[in-house]
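Peer 1: Take this structure first; my questions come after.
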Amino acid sequence: MQNLLDGILKAFELLFQGDPEVVRITLLSLEVSGMATLISLILGLPLGTFLALVKFPTRRFWISIINTGMALPPVVVGLVVCIFLWRNGPLGFMHLIYTPAAIVIAQVLIAFPMAAGLTLSALQQLDPKLRIQLLGLGASKIQMVLTLWKEAKLPLIAALIAAFGSVISEVGASMMVGGNLLGSTRVLTTAIVLETSKGLFASAIALSIILLLIAFLVNLGLTSIQQRRH
Amino acid sequence: MTTLLELHNIIVQAGKITILNVPELAVNKGEVLVLLGPNGAGKSTLLQVAAGLIKPISGSVLFSTYKKLSDLNFRRKVSTVFQSPLLLNDTIEKNIASGLKFRGLHNEEINQRVQFWMEQLHILPIAKRHAKILSGGEAQRVSLARAFCLETELILMDEPFSALDNPTRQGLLDDLRNIFTRTNQTCIYVTHDLEEALSIGDRVAVLLNGKIHQLSQTQEVFSHPSTPEVAAFMGVDNIIPGSVFGLENNMLQIQADHAIFEAVGNIAIGTQVYICLRPEDITLFNDNQEIKPSSARNHVSCQITQIINQGPFMRVQLQSGFSLTALVTSRSVKEMELEVGKTVLAVFKASAIHLISSGKIRT
């Protein structure tokens, strides 16, 4: 118990001192996870929309793949990305293993099915006749999709929250493809694991508080947009 | 009469089943054409084909004044109102403006048109209200304003008032009729309600099982249905098959089962016909009651099999070798002491009978 209290005190000390390493790790976490969420949205939003609005023969199969992807364990993603980016792997020539880019790739694979799957379910919750009504009012296909996204704003922002939450908090894939290298690929979650394994609970708690704070602030921002006028 | 929209050889299939087969349909400028039919007849499908929202497997939909239009430009020549208002999660004003914004109009013009149509449909005082808290009638007024403010040459309405209670529906129908009269707006109006079709339509197309069975002036469809199926849908409860056996001075004699009917018309002797008689055109008399001389030439002795209460009226089912249905006031039923099993005389005029020729001649 004493360890925990000491840890919390030390954590606040580290936080308020603005330890340069802690700041660097925090910024890298935000950068990597923010980029992964953005890419996931850019890919997932159109794919989820396509699957929700267009009927084609293998549609159910692809929806099942996306739904399975939503439950992908990060360590499995880490393993697959490692195999591909390993020096002798198919993409080894790109020299991405143990770089922040490798972490972004792994996190995109985790968050992208979530963005696509939740977009699909968000749009399927709307009245299907709304699409016909919008086209009947003279909307172009793009105007129709944009209006549907606006109508499904609440669940779509929930999808964004879920996607960001899943990548900022994952550790397995980041550890495996990033290597937790000091000054290069150490992010908040991998740093917490390392500090804990060394018995440096104060640092681990400080980093955990920052991680929770980031998650809270990002979700607060998104929730305030989501709940506007509700 | 100038044609505004023409549909040629339209066929729509669901899987391998043909759900719509319309060889020709023309909508005239300034008219309200009602597509009338029961549920599942293909009315809404036909409307969506006319709106460019469903692509038929064959056939074409053309505006007479425009040679070739892209899909988007075609859709922007029409506006649609559906049974469900399908309003966006926004204020009334913004909902009404949505179609105009899709067309990229200037804000000034959008505001002007939105204000005008909100006033026309009596929703100006609630302009800032959120669409999700409106009553059914208010929401449908918003939906109408949203369509009218586009000022398209053609408006398509798919059972817009069928989900509303009767007083609200009547209020909206009155307003809609006034707008149509004032603006000379062309409209295709889908309904399954005969009363609505009568009150709003200039012409009526009766759609049954994906095919147009009759297309005529509204009153003509009601008074002279062209097939037994149309007659049945039009509320003609009595459709009795018979055969013409006499013709004198435009007065036909028709044999149906054991009874002989007299009807006005000129059909060749031997022709198989359907005798169509509205239940409200039948007067019942007690068997022993003295009947004053009148122009009613047809007298059929029947037995009452069922009496169904319909509020101010009673539907009296009769049997005389064939079935007959008469509509009698509740007061008359009481005064005449009508009851199941009683024998009565069904009396009706020769002019009340509408004959549909089956086209077959009895040899």
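Peer 1: Out of the residues in segment A:181-197 that are among the aliphatic types (A, V, I, L, M) and crowded, with 22+ Cβ neighbours inside 10 Å, state the one that is farthest from A:V23 (Cα to Cα). Spell out the reasoning first.
Peer 2: Filtering segment A:181-197 for residues among the aliphatic types (A, V, I, L, M) gives A:181-182, A:187-188, A:191-194.
Imposing the further condition that a residue be crowded, with 22+ Cβ neighbours inside 10 Å reduces the set to A:187-188, A:191.
Values: A:V187: 10, A:L188: 10, A:A191: 12 Å.
It comes out as A:A191.
Peer 1: To continue, here is another question. For the subset of segment A:80-138 comprising residues that are in a helix (DSSP H, G or I) and among the aromatic types (F, W, Y), which member is surrounded by the most Cβ atoms within 10 Å (Cβ to Cβ)? Full working, then the answer.
Peer 2: Taking segment A:80-138 first, the residues in a helix (DSSP H, G or I) are A:80-85, A:92-94, A:100-124, A:129-136.
Next, from what is left, pick out any that are among the aromatic types (F, W, Y): A:84, A:93, A:112.
Working: A:F84: 17, A:F93: 9, A:F112: 26.
Applying the filter and picking the extreme gives A:F112.
Peer 1: Give the residues of segment B:183-221 that are of a type in the set (S, T, N, Q), farther than 22 Å from B:A145 by Cα and part of a strand (DSSP E or B), sorted by residue number.
Peer 2: Within segment B:183-221, the subset of a type in the set (S, T, N, Q) is B:183-186, B:191, B:199, B:209, B:214, B:216-219.
Then keep just the ones that are farther than 22 Å from B:A145 by Cα; that gives B:209, B:214, B:216-219.
Passing the criteria: B:Q214, B:S216, B:Q217.
Peer 1: Filter segment A:139-151 down to the residues that are surrounded by fewer than 24 Cβ atoms within 10 Å (Cβ to Cβ) and hydrophobic (A, V, I, L, M, F, W, C) and list them by number.
Peer 2: As a first pass, look at segment A:139-151 and keep what is surrounded by fewer than 24 Cβ atoms within 10 Å (Cβ to Cβ): A:140-151.
Passing the criteria: A:I142, A:M144, A:V145, A:L146, A:L148, A:W149.
Peer 1: Please enumerate the residues belonging to segment B:25-71 that are within 22 Å of B:C149 (Cβ to Cβ), crowded, with 17+ Cβ neighbours inside 10 Å, within 14 Å of chain A (Cβ to nearest Cβ) and of a type in the set (A, V, I, L, M, F, W, C).
Peer 2: Answer for segment B:25-71, where residues must be within 22 Å of B:C149 (Cβ to Cβ), crowded, with 17+ Cβ neighbours inside 10 Å, within 14 Å of chain A (Cβ to nearest Cβ) and of a type in the set (A, V, I, L, M, F, W, C): B:L47, B:A50, B:A51, B:L53.
Peer 1: Mind listing whichever residues of segment B:73-109 are assigned to a helix (DSSP H, G or I), modelled with pLDDT under 95 and at the interface with another protein chain (Cβ under 7 Å from one of its Cβ atoms)?
Peer 2: Residue satisfying the conditions is B:R75 alone.
Peer 1: Quick one: which residue in B:K94, B:K132 is of a type in the set (K, R) and either surrounded by 20 or more Cβ atoms within 10 Å (Cβ to Cβ) or under 20 Å from A:S140 (Cβ atoms) (or both)? Quick ask: steps written out before the conclusion?
Peer 2: Numbers: B:K132 fails: either surrounded by 20 or more Cβ atoms within 10 Å (Cβ to Cβ) or under 20 Å from A:S140 (Cβ atoms) (or both).
Sole residue among the options that is of a type in the set (K, R) and either surrounded by 20 or more Cβ atoms within 10 Å (Cβ to Cβ) or under 20 Å from A:S140 (Cβ atoms) (or both): B:K94.
Peer 1: In segment B:268-297, how many are at pLDDT 90 or above and within 30 Å of the chain's Cα centre (by Cα)?
Peer 2: The qualifying residues number 14.
Peer 1: Quick check on segment A:183-204. Is at least one of its residues touching a Phe, Trp or Tyr at 6+ places or on another chain (Cβ under 7 Å) and under 25 Å from A:F84 (Cβ atoms)? Spell out how you get there, then give the answer.
Peer 2: Quick first cut of segment A:183-204, residues touching a Phe, Trp or Tyr at 6+ places or on another chain (Cβ under 7 Å) only: A:185.
Now drop any that are not under 25 Å from A:F84 (Cβ atoms), which leaves A:185.
Among the residues of segment A:183-204, at least one is touching a Phe, Trp or Tyr at 6+ places or on another chain (Cβ under 7 Å) and under 25 Å from A:F84 (Cβ atoms), which makes the answer yes.
Peer 1: Can you name every residue in segment B:22-55 that is without any contact (Cβ under 8 Å) to a residue 40 or more places away in the chain, assigned to a loop (DSSP other than H, G, I, E, B) and either closer than 17 Å to B:Q214 by Cα or within 18 Å of the chain's Cα centre (by Cα) (or both)?
Peer 2: Across segment B:22-55, the qualifying residue is only B:G40.
Peer 1: Looking only at segment B:98-129, filter to residues that are of a type in the set (G, A, S) and surrounded by 21 or more Cβ atoms within 10 Å (Cβ to Cβ); which one of those is nearest to B:R182 (Cα to Cα)? Reasoning before the result, please.
Peer 2: If we filter segment B:98-129 for residues that are of a type in the set (G, A, S), which is where we start, we get B:98-99, B:104, B:127.
If we keep only those that are surrounded by 21 or more Cβ atoms within 10 Å (Cβ to Cβ) as well, we get B:98-99.
On the way: B:S98: 24, B:G99: 22 Å.
Per the criteria, the residue is B:G99.
Peer 1: Kindly provide the set of residues from segment B:132-150 that are modelled with pLDDT of 90 or more and within 11 Å of chain A (Cβ to nearest Cβ), ordered by number.
Peer 2: Hits for segment B:132-150 are B:S143, B:R146, B:A147, B:C149, B:L150.
Peer 1: Now for a separate question. Name the one entry in A:A122, A:A111, A:A115 that is within 14 Å of chain B (Cβ to nearest Cβ) and in contact (Cβ under 8 Å) with a residue 12 or more places away in the chain.
Peer 2: Details: A:A111 fails: within 14 Å of chain B (Cβ to nearest Cβ); A:A115 fails: within 14 Å of chain B (Cβ to nearest Cβ).
The match here is A:A122.
Peer 1: Which residue is farthest from the chain's Cα centre (by Cα), if the candidates are limited to segment B:128-162 and must be among the small types (G, A, S) and within 17 Å of B:D175 (Cβ to Cβ)?
Peer 2: The initial filter retains those residues of segment B:128-162 that are among the small types (G, A, S), namely B:131, B:135-137, B:139, B:143, B:145, B:147, B:162.
Subsequent filtering for residues that are within 17 Å of B:D175 (Cβ to Cβ) retains B:135-137, B:139, B:143, B:145, B:147, B:162.
Details: B:S135: 26, B:G136: 23, B:G137: 22, B:A139: 24, B:S143: 22, B:A145: 24, B:A147: 22, B:S162: 13 Å.
That would be B:S135.
Peer 1: Suppose we keep only residues that are surrounded by fewer than 22 Cβ atoms within 10 Å (Cβ to Cβ) and not in a helix (DSSP H, G or I) within segment A:161-179. Which one would you say is nearest to the other protein chains (Cβ to nearest Cβ)?
Peer 2: It comes out as A:S169.
Peer 1: List every residue pair whose Cβ atoms sit under 8 Å apart, with the two residues 6 or more apart in sequence or on different chains, where the first one lies in segment A:145-160 and is at positive phi and within 13 Å of another protein chain (Cβ to nearest Cβ) and the second, anywhere, is surrounded by fewer than 20 Cβ atoms within 10 Å (Cβ to Cβ) and among the polar types (S, T, N, Q).
Peer 2: Between residues of segment A:145-160 that are at positive phi and within 13 Å of another protein chain (Cβ to nearest Cβ) and residues that are surrounded by fewer than 20 Cβ atoms within 10 Å (Cβ to Cβ) and among the polar types (S, T, N, Q), there is no close pair.
The values are calculated or read from the model by the stated rules, or taken from the named source; none is laboratory data. Just so you know, these numbers come straight off a predicted model, no measurement behind them. Glycine also receives a Cβ, built like all others from the backbone with ideal geometry; neighbour counts cover every protein chain displayed.
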